[in-house]
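Read the structure below first, then the notes.
The values are calculated or read from the model by the stated rules, or taken from the named source; none is laboratory data. As the structure is a prediction and not an experimental result, all values here were calculated from the model. Cβ atoms come from the backbone with ideal geometry, glycine included; neighbour counts cover every protein chain shown. Heads up: the accessible areas ignore ligands, DNA and RNA and are worked out on the full protein's heavy atoms, side chains in. Shrake-Rupley method; radii C 1.70, N 1.55, O 1.52, S 1.80 Å.
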Amino acid sequence: MTQPTPPAAPAPPLMGPAGYSIDMVREHMRDIPQFPLPVGFAMRAMTPSDGGTWVDIWRDAEPYFQIADDTFSKEFGSDPQVIGRRCFLLQTDAGEPVGTVSAWYDRAYRGMGYGRIHWVAIRRACGGRGLGKAMMTFALNALAQWHDRAMLNTQSKRLNAVKIYLDFGFIPNLDLPGAPGVWREVAANLKHPVLASLL
């Protein structure tokens, strides 16, 4: 009798220029920290034609990866009809786009539907003004209209982003293969009470 083939071992975390791939989850949408946008900035909905602007922001903000011309269409083009409700640009009062965040979705994460914080970026010249936290407030408030929980994926070298996500109630998904070891490495470089309590 032929023995059944054992299931393949789960893949370890992916390693790239920005470190290991890591997932974070927020299992409810209560108590979203509320950070208003600084004076002189506003959020607006994107359209599919804003893809070039999105790419330009990401090329300015991204220190680890090259951003291809078609990255926006590859990431969001499968559902263009919701881009206007879920993808946003941060701009100055003069209309200059300086950041972007998406309140996207994952219909099958952990076997359930999750809202997804996706592709958050701010031009380097605009860093240090609290814009990242204000964009997170905006995106999570949007997700709370449609979802009971949220997730995101980032990389282990993006410590400033990880700190913001922890401050906004996201916690590491430690159920993924290799995740506890990766997060212990993150905790060695980022002192945060959430990590101290989990690891």
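Which residue, of 158, 184, is of a type in the set (Lys, Arg), without any contact (Cβ under 8 Å) to a residue 24 or more places away in the chain, within 18 Å of residue 14 (Cα to Cα) and surrounded by fewer than 21 Cβ atoms within 10 Å (Cβ to Cβ)? None of the other options fit; the residue is 184.
Residue 61 meets the conditions (1) surrounded by 17 or more Cβ atoms within 10 Å (Cβ to Cβ); (2) small (Gly, Ala, Ser); (3) at pLDDT below 95 in every case but one. The failed one is (3). Residues in region 30-62 that are without any contact (Cβ under 8 Å) to a residue 24 or more places away in the chain and assigned to a loop (DSSP other than H, G, I, E, B): 2 in all. Tell me, yes or no, whether region 129-152 has at least one residue that is assigned to a strand (DSSP E or B), under 16 Å from residue 30 (Cβ atoms), open to solvent by 20 Å² or more (accessible area, probe 1.4 Å) and in contact (Cβ under 8 Å) with a residue 24 or more places away in the chain. The answer is no; no qualifying residue exists.
Taken residue by residue, region 72-91 has no member that is within 17 Å of residue 28 (Cα to Cα) and among the β-branched types (Val, Ile, Thr). The number of residues in region 1-29 that are part of a loop (DSSP other than H, G, I, E, B), open to solvent by less than 90 Å² (accessible area, probe 1.4 Å), at pLDDT below 95 and touching a Phe, Trp or Tyr at 6+ places or on another chain (Cβ under 8 Å) comes to 2. Restricting attention to region 134-171, which residues are hydroxyl-bearing (Ser, Thr, Tyr) and under 16 Å from residue 35 (Cα atoms)? Result: 137, 165. Scanning region 64-112 for residues that are out of contact with any Phe, Trp or Tyr (no Cβ under 9 Å at 6 or more places or on another chain), part of a strand (DSSP E or B) and open to solvent by less than 40 Å² (accessible area, probe 1.4 Å) returns a single hit, 109.
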